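Step one of this worksheet: look at the structure below.
Please treat every number below as a calculation from the coordinates, not as lab data. All values derive from a computational prediction rather than experimental measurement.
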């Protein structure tokens, strides 16, 4: 028998927490929860969960700090942030800390379930590619272990960042539109404003890691009106 997907919900509002637990149990998930930041962090760092649903406004420690500490220990832990704050600044902060997605309250429960499924979906892209990705003479990335180096400077990556690079590498003969990246790397069926920013934020983070000058990218370039292209050589 296939094991159940393990989900951690960190949410201080009891009605929302209970409602989400009921929804995901109904969908076949093994669900645990926490009502404050410190307990949520402790459970999240246990490594027992396939995905963490993380509210931003929590007693004891906010979701941004929890996400940051999760990423410091486990770059591959899927995290979706939930918040009543839907401003660009909050979205950018959450995604910049390594959240896989960001859902503003009030949200559609059906949409949230689809978002969770999309983040959990592992498409297997890049499985047939080389384990090492090289960009020019400067950058070498170990795709399996999510680490690399640029001019002997150590680099670390999230699984999503590596999947994004691998998909661009697999299609390096052409620019790849944002909508295609959202569908193939993130698993979204349609484009939303937040999701478009998700791509741009991940591209910006990657450029800071792999480019000698992120303002003048050599490897991860923008093709105006067409998308992004990876130039390995």
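Normalising the Debye intensity of the range 1-107 to I(0), with uniform scatterers on Cα atoms only, and taking log10 at q = 0.18 Å⁻¹ returns -0.81.
Report, in degrees rounded to the nearest 10, the 0 to 90 angle that the Cα long axis of helix 193-210 makes with the longest principal axis of the chain. Once rounded, one gets 50 degrees.
Once you sort the root eigenvalues of the Cα gyration tensor of the range 10-66 as a ≥ b ≥ c, which label holds: rounded (a/c under 1.5), prolate (a/b larger than b/c) or oblate (the other case)? Judged from the Cα gyration tensor, the range 10-66 comes out oblate (a/c at least 1.5, b/c at or above a/b).
The base-10 log of I(q)/I(0) for the range 132-230, evaluated at q = 0.17, 0.19 Å⁻¹, reads -0.73, -0.91 [Debye formula, identical scatterers on Cα atoms, solvent excluded].
The range 47-111: Rg/Rh from Cα coordinates, Kirkwood Rh? For the range 47-111, the value is 0.95.
The convex hull drawn around the Cα atoms of the chain, when projected onto a plane and averaged over every direction, covers 13.1 nm². Based on DSSP H segments of at least four residues, each scored -39500 (n - 2.57), the chain has a per-residue ellipticity at 222 nm of -11500 deg cm²/dmol.
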